[in-house]
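The values are calculated or read from the model by the stated rules, or taken from the named source; none is laboratory data. Bear in mind the structure is a predicted one, so any value in this text is a computation, not a measurement. Here Cβ is always computed from backbone atoms with ideal geometry, including for glycine, and neighbour counts include all displayed protein chains.
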Amino acid sequence: MYPFNVTQKLINAHLIEGELIPGKEIGIRIDQALLQDATGTLVQLELEAMGLKRAKTEIAVQYVDHNLLQTDHKNADDHLFLFTAAQRFGLWYSRPGNGVSHPVHMERFGIPGKTLVGSDSHSCAAGSLGMLAIGTGGLDVASVIAGEPYYVKMPEIMGVKLTGNLPEWVSAKDIVLEMLRRHGVKGGVGKIIEYYGDGLKNLSAMDRHVVANMGAELGATSTVFPSDDETYRFLKAQGRSEDWVEIISDKDCKYDHNEEIVLDELEPLIALPSSPGNVVPVKEVSGRPVNQVVIGSSANPGLRDFWIAGYIVKDRTVNNEVSFDINPTSRQLIQNMIKNRSFANLIKAGARFHQSGCMGCIGMGQAPSSNTISLRTMPRNFPSRSGTENDQVYLCSPETAAASALTGKITDPRDLGKLLNIQYSKYTSPEREIINTDLLVAPLEDGSEVQLKKGPNIKELPDFSPIADEYDIPVLLKMGDNISTDEILKAGADVLPFRSNIPEISKYTYSVIDTTFYERAIKSKPAHGGHVVIAGENYAQGSSREHAALAPKYLGQVCVIAKSYARIAWQNLINFGILPLEFVNEEDYNKIEQGNMLGFKNLRTYIKNRNNILINVSSASGSLFEFKARHTMSDRQIEILLKGGIIRDFKEKLNR
């Protein structure tokens, strides 16, 4: 056997179907599943629809970390539903306020060498512990919990060699921002990114979490780190040293792509609105006035991240025009912040502490004021994701964020010595952290008698018909490149409470792009039997939010025709029976206009036989031209699509 890198070792140890050939579909055994509440309500409804008796993964955890605001009954009702569902199906339950799913899972459940899928795109953060962790749509997670393998196209593996040491005032966030500066939001599509090299010895497990978490912003399938001495130190500090196992790459192993980052050469970086890939050095934009600074979220969740912010603002007061917001990672982290005095330093400086959860990261409160800059240590800054229309969200490190909170303008933290006489200090990790598991509820031995408690906002999943053989349907929307799931189905406090009510949440479909879409789709469905949308490159980048497929499906979306897709979105479309097509000739994208009618004939036969699909384009004046589109689905996915989606497929398996 040839020398394996860490990624190959993890996949090979869990391989059920297929071979390690990039581009070919593989099926892998999954050990752990992670759910959060913004997607978990749908997953639990899917488990109920599948007729599941009990979770079949080694561990499955339902976290409540997104929809924490209780301005009416909807979120509170969903929390109760999720608790009863976790008890019914045999999942752990992390109660509201316990903390953000990814770092809490890393602290309490992550084990080197294990595989994990999560119904959140940032589930890849667990790769920081030497796990193979993949964010995916809720239907895929439901299938895994029900005992099915997880299917994905075997990615190429990009090896990123880290050498040297991070300079003062530069931290892990700047490493992943450097990757985004080099490769953009599409640079990781179809790849797993594996970090190695002598520079790793200078990165703590939580530093690695920062880098792994935002691999999702590169479009990567996952991010992988080795399990080494630092992994052991982290698990020991969490009281779980017995879970450690060493996993390192073999000597002379190979990668499909190679990259190197000399840590000594990095400087503070920042992503400008409105894409994580729009990265420049902080010094290039320093001096711009700032109105809000937010520290926290799953992208910078470590104790060190809050400590350095507290160190910078110690015995000072943040600028009068800055709202300084803290999203603590977990209750456990708050206790440790109290112990190391960073909590007191931040509070005294004027920080506003919020619940332990995602909060502003998902637009659940903390919306910035209009026409002002918000600096955030979060992973995404897609348009309006913050909850404010036409927002100006910048992504940066805790060092840059805290420095800017003091000065009231974007500030390179390397200038703090000159500006405020603040000298750099290196953080020392505690040998043992305070551990808090009080709000983790273990699964019942037998939950079969537990009744699911559903509030009035929780609706049954719609049952969709399989795709037909012929259509003559309108192009309701034509979009450009890098359309995000936040633009397809917006986040925020006004929308996410409807995540378990598909008819209601569908009213927000594509509303960030076109406020007339819902009304036009409602009219098109009975008139034409559905609709199609057109997109450019990397359609539906961002979150694993399967509502971005489910809501359009509810409104009659038959297919999407795009130049290319983000991985999770492509899978979600298939899982809900929407046909994801790609242009054979990308120049045809320019010819199609919104309002054109697209004619399909013998569609099911073309799909099954993998033939290019001939599509007629017409307008009110008659036929205009024809073009060809193709799909890249596996035989398994073709079967799922033609049946009408993965739930129908799973029910058939149960009946057999």
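Scan segment 333-360 for residues that are over 23 Å from the mean Cα position of the chain (by Cα), assigned to a helix (DSSP H, G or I) and within 24 Å of HIS102 (Cα to Cα) and the total you get is 9. Restricting the search to segment 22-47, which residues are small (Gly, Ala, Ser), touching a Lys or Arg at 6+ places or on another chain (Cβ under 8 Å) and closer than 29 Å to HIS79 by Cα? Within segment 22-47, ALA38 is the sole residue that qualifies. Hey, any hits in segment 554-562 for a residue that's closer than 27 Å to GLY387 by Cβ, surrounded by fewer than 24 Cβ atoms within 10 Å (Cβ to Cβ) and among the small types (Gly, Ala, Ser)? Checked against the condition, which is being closer than 27 Å to GLY387 by Cβ, surrounded by fewer than 24 Cβ atoms within 10 Å (Cβ to Cβ) and among the small types (Gly, Ala, Ser), segment 554-562 yields no hits at all.
Yes/no matrix, rows are residues, columns are (1) over 28 Å from ALA491 (Cβ atoms); (2) touching a residue at least 40 places away in the same chain (Cβ under 8 Å); (3) assigned by TED's automatic domain parsing to the domain that holds MET50:
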position: PRO552; (1), (2), (3): no, yes, no
position: LEU573; (1), (2), (3): no, no, no
position: ASN611; (1), (2), (3): yes, no, no
position: SER634; (1), (2), (3): yes, yes, no
position: ILE640; (1), (2), (3): no, yes, no
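Condition check for TYR232 on (1) surrounded by 20 or more Cβ atoms within 10 Å (Cβ to Cβ); (2) at pLDDT 95 or above; (3) under 23 Å from VAL104 (Cβ atoms): one failure, at (1). Residue count for segment 14-67 under the criterion of being over 22 Å from MET106 (Cβ atoms), part of a strand (DSSP E or B) and in contact (Cβ under 8 Å) with a residue 40 or more places away in the chain: the result is 5.
Highlighted here are the strands (runs of 3 or more DSSP E) found entirely within segment 569-656 that include at least 2 residues which are basic (Lys, Arg): 622-630.
On inspection, ILE175 fails the criterion of being under 30 Å from ALA38 (Cα atoms), touching a strand residue (DSSP E or B) at 6+ places or on another chain (Cβ under 6 Å) and crowded, with 22+ Cβ neighbours inside 10 Å. Taken over segment 471-494, the residue count meeting the criterion of being closer than 18 Å to ASN381 by Cα and of a type in the set (A, V, I, L, M) is 5.
Checked against (1) hydrophobic (A, V, I, L, M, F, W, C); (2) touching a Lys or Arg at 6+ places or on another chain (Cβ under 8 Å); (3) more than 30 Å from SER429 (Cα to Cα), ALA367 meets all criteria but (2).
One line per residue, one yes/no per condition, for (1) polar (S, T, N, Q); (2) assigned by TED's automatic domain parsing to the domain that holds ILE483; (3) within 25 Å of the chain's Cα centre (by Cα); (4) over 18 Å from ASN482 (Cα atoms):
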position	(1), (2), (3), (4)
HIS528	no, yes, no, yes
TYR539	no, yes, yes, no
SER543	yes, yes, yes, no
GLY556	no, yes, no, yes
ALA562	no, yes, yes, no
TRP570	no, yes, yes, no
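Condition first: outside any helix (DSSP H, G or I), out of contact with any Ser or Thr (no Cβ under 9 Å at 6 or more places or on another chain) and not hydroxyl-bearing (Ser, Thr, Tyr). Can you find one or more residues in segment 73-87 that meet it? No, segment 73-87 has no match at all. Here is the figure for segment 356-375: residues that are surrounded by fewer than 17 Cβ atoms within 10 Å (Cβ to Cβ) and farther than 15 Å from VAL293 by Cβ total 2.
The number of residues in segment 244-262 that are outside any loop (DSSP other than H, G, I, E, B) and under 26 Å from the mean Cα position of the chain (by Cα) comes to 6. With respect to the stated conditions, LYS523 is within 30 Å of PRO456 (Cα to Cα) and free of Cβ contacts under 8 Å to residues at least 24 places away in the same chain. Among the criteria (1) surrounded by fewer than 24 Cβ atoms within 10 Å (Cβ to Cβ); (2) on the phi < 0 side of the Ramachandran plot, the one ALA85 does not fulfil is (1). Would you confirm, using the coordinates I've provided, whether ASN381 is part of a loop (DSSP other than H, G, I, E, B), without any contact (Cβ under 8 Å) to a residue 24 or more places away in the chain, under 24 Å from the mean Cα position of the chain (by Cα) and not assigned by TED's automatic domain parsing to the domain that holds SER500? So ASN381 fails the test.
Of all the listed residues (VAL211, VAL245), the sole one being surrounded by fewer than 18 Cβ atoms within 10 Å (Cβ to Cβ), closer than 27 Å to ASN336 by Cα and of a type outside the set (Phe, Trp, Tyr) is VAL245.
Out of SER511, SER506, one residue alone is at pLDDT below 95, in the same structural domain as ALA629 (by TED's automatic domain parsing) and outside any loop (DSSP other than H, G, I, E, B). It is SER506. Note on segment 450-483: residues that are acidic (Asp, Glu) and either in contact with a helix residue (DSSP H, G or I) (Cβ under 7 Å, 6 or more places away or on another chain) or modelled with pLDDT of 85 or more (or both) amount to 4.
The residue that is modelled with the highest pLDDT, counting only those in segment 82-105 that are more than 25 Å from GLN451 (Cβ to Cβ) and among the β-branched types (Val, Ile, Thr), is VAL104. Determine if segment 471-479 includes at least one residue that is outside the structural domain of ARG331 (by TED's automatic domain parsing) and under 30 Å from GLN335 (Cβ atoms). Within segment 471-479, not a single residue is outside the structural domain of ARG331 (by TED's automatic domain parsing) and under 30 Å from GLN335 (Cβ atoms). On the given criteria, is SER524 assigned to a helix (DSSP H, G or I), under 21 Å from the mean Cα position of the chain (by Cα) and farther than 18 Å from SER386 by Cα? Judged against the criteria, SER524 is not a match.
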